[in-house]
Amino acid sequence: MSQMRRGAIEYCVLALLRDRDMYGFELTRALSTAGGLVASEGTVYPLLTRIRQDGLVETFWEPSPQGPPRRYYRLTNDGRLALETFRIQWRQFRDTVDTIMKGSDE
């Protein structure tokens, strides 16, 4: 289960960024409150670095009303394409697993 969670978190981050830009702690909080996908910033920040290096997100700095400036993350066109590709593949995967899990009982 943890490997499946790890594989999906990247696309959950991209999905969260689909509608608006967010900063790292905000993303961490959204993932942890959405069914406990992520428990710590130590999981999210390395992922954000990797997807930024892969060109799926871009970053910019904004002043914070409290404390230092915040690094915001924005989905790129490549990120949108990767998210849409994942959504299609996820539906097929989910449907196949659901069919197998139901078995002949239903």
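Quick notes on this one:
- Spin-label model, Gln92/Glu41: points 7 Å from Cα along the beta carbon direction are separated by 3.9 nm.
- Footprinting exposure proxy for Val13, Val38 (fewest neighbouring C-beta atoms within 10 Å first): Val38, Val13
- Stretching the chain fully between Arg74 and Phe25 yields a gain of 16.2 nm (0.36 nm per residue, less the alpha carbon separation).
- Value of Rg to Rh for the range 1-56, rounded to two decimals, is 0.92; Kirkwood radius and Rg both from alpha-carbon coordinates.
- For the chain, radius of gyration divided by Kirkwood radius, i.e. Rg to Rh on alpha-carbons: 1.06
Just so you know, all these numbers are worked out from the coordinates, no wet-lab data involved. Keep in mind that this is a model prediction, so the values were computed, not measured. Heads up, the Cβs are rebuilt from the backbone with ideal geometry, glycines too, and the neighbour counts pull from every protein chain shown.
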